[in-house]
Amino acid sequence: MIRSITSVKVTGRRVIVRAGFDVPLNKNSQGEFEVADDTRIKDALATLKYLIEQKAKIVLISHLGRPKGWDKEKSLWPIALKLGELLRFKVVKVEDKLPDYKVAHINFLSEDITKKDYSELSKQLPEGSILFLENLRFYPGEAKNEEKFIDLLGSFGDVYVNEAFSVAHRQEASTFGLARKLPAYAGISFAKEIASLKKVINNPAKPMVVLMGGIKIENKVETLHSLAKHAEHIIVGGGIANTFLKARGYEVGKSKVSDLFVAKELLRHYKNKIVLPIDVVVAEDPESKSRMCAIEKVLPGESIYDIGPESVRKFAGIISQGQTLVWNGPFGFFENPKYSFGSKAIAQAFATRSKGKAFGLVGGGETAQVVDMAKVSQFIDHVSTGGGAMLEFLAGKQLLAIKALESN
């Protein structure tokens, strides 16, 4: 059984929070990096605010990207600034000592914690303040789940909280090793995530409608098999739909396709459940003039970038009948405004049916971006930022970070 951080007294104790702050960054007009999408940062706010109110000493750890050693472009400093903005906390860089502030704030430790013992800073933290460590993936010991690095991280806290469901499938020092070393608990959003996913796979209300988009079909096969046991309909869009359409014998031009063999196998198993687009938006390249056409009318020199209005109408009709809705993966090249119509329209149909009428679960960073773009996140029961972790959980796999929490 996983215990929530709200079940233990934390006042005055050092609490290590493993957050999932792997967010996209952009350069601003001054050439400085800033957060482009703060959805994953907001995920941790409930736990952080709770710990602040309980007057815990908070040590915040996370990763960003896949740096090879220390890389200024992968620093967590922009994330610390955004978090300060959301919490309305002052953010300061610290090296060897903490500043003497009377109010709670974020202390960003920009130093390499393997060079000397910085754990004393966590003991000196005022109650309700945060010590934010630099990118965990700057250290080789993180990905290797190295015992020495686990011990080093453990020296910063008395209690461990996992609030990073997005990496719950990884056996790393901060997600697995640390949870076995210290008294370990789930963060508020982490616990909500598990409850929402269990609701979908244990006893979903029928009919169940699954929406699957994105690019690579092979990454989602096990999840599709698992969800197909309960689903009446599997609506397919995005790059995955291109692969299914090609497997069905349609011309998809220069569109990206992945594993045709897998697509043919899935079509054979679930031919009465899989629903494909009936019209699409195509162009010779993303910047060329686009046109809408039926799927039979795609030309060899064109690529499919979005679903068309008839597909939206068809998919929305199916969604409107669902009692349980699950969506992973955008339905087109939504990053380009020219091709965002389909994904946003599906998001609106999904949100219209969610909360009360049906239970709606959206998962994956890009899918979360789509519902945010469509301004409908608040109308959906649960929006998960954990793409790979969510898919593995829904496929029935045991996630290592959850296993570590359960066995602690």
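General observations
- Residues whose amide H falls under 5 Å from that of I274, counting only those 5 or more places apart or on a different chain, are I234, with hydrogens built in the peptide plane.
- 3J(HN,Hα) from dihedral phi, segment 125-135, Karplus parametrisation 6.51/-1.76/1.60, rounded to Hz, x for glycine, proline: 4, x, 4, x, 9, 10, 10, 9, 7, 6, 2
- Under 5 Å between amide hydrogens, built in the peptide plane, is the criterion, and for N145 it picks out A173 among residues at least 5 positions away or on other chains.
- Integer Hz, Karplus 6.51/-1.76/1.60 couplings in order for segment 70-76, x for Gly and Pro: 6, 9, 4, 6, 10, 5, 7
- Tail beyond 31 Å, pair distance distribution of segment 5-191 (Cα, percent): 7
- Ordering G363, Y339, A351 by Cα displacement along the dipole of segment 203-394 toward the positive end leaves A351 in first place; charges were set at the Cβ atoms of Lys, Arg (+1) and Asp, Glu (-1).
- Potential lengthening of the chain between R291 and E147 amounts to 46.2 nm, from the contour at 0.36 nm per residue minus the alpha-carbon distance.
- Taking all Cα pairs closer than 8 Å and separated by 6 or more residues, the relative contact order of the chain comes to 16 percent.
- A full extension of the chain between E284 and K42 corresponds to an added length of 83.3 nm, given 0.36 nm per residue minus the alpha carbon distance.
- If you bin all the Cα-Cα distances of the chain at 10 Å, starting from zero, the percentages per bin are 5, 22, 28, 23, 15, 6, 1.
- Enclosing the Cα atoms of segment 203-394 in their convex hull gives a volume equal to 97 cubic angstrom per residue.
- Farthest toward the positive end of the dipole of segment 71-204, out of V94, S196, F176, is the Cα of S196, where the dipole comes from beta carbon charges about the Cα centre.
- The modelled label-to-label distance between Q321 and E406, using points 7 Å beyond Cα along the C-beta direction, is 3.6 nm.
- Size of electric dipole in segment 203-394: Cβ of Lys, Arg +1 and of Asp, Glu -1, about Cα centre, debye, nearest 20: 580
- Distance-filtered residues of segment 360-403 - backbone nitrogen under 15 Å, label point 7 angstrom along S7 Cα→Cβ: 402-403
- Cβ-placed point charges (K, R +1; D, E -1), dipole of segment 92-186 about Cα centre in debye, nearest 20: 160
Coordinate-derived values only; no laboratory data. None of these values were measured; they are calculated from a predicted model. For neighbour counting, all protein chains shown are included, and Cβ atoms are generated from backbone atoms with ideal geometry for every residue, glycine included.
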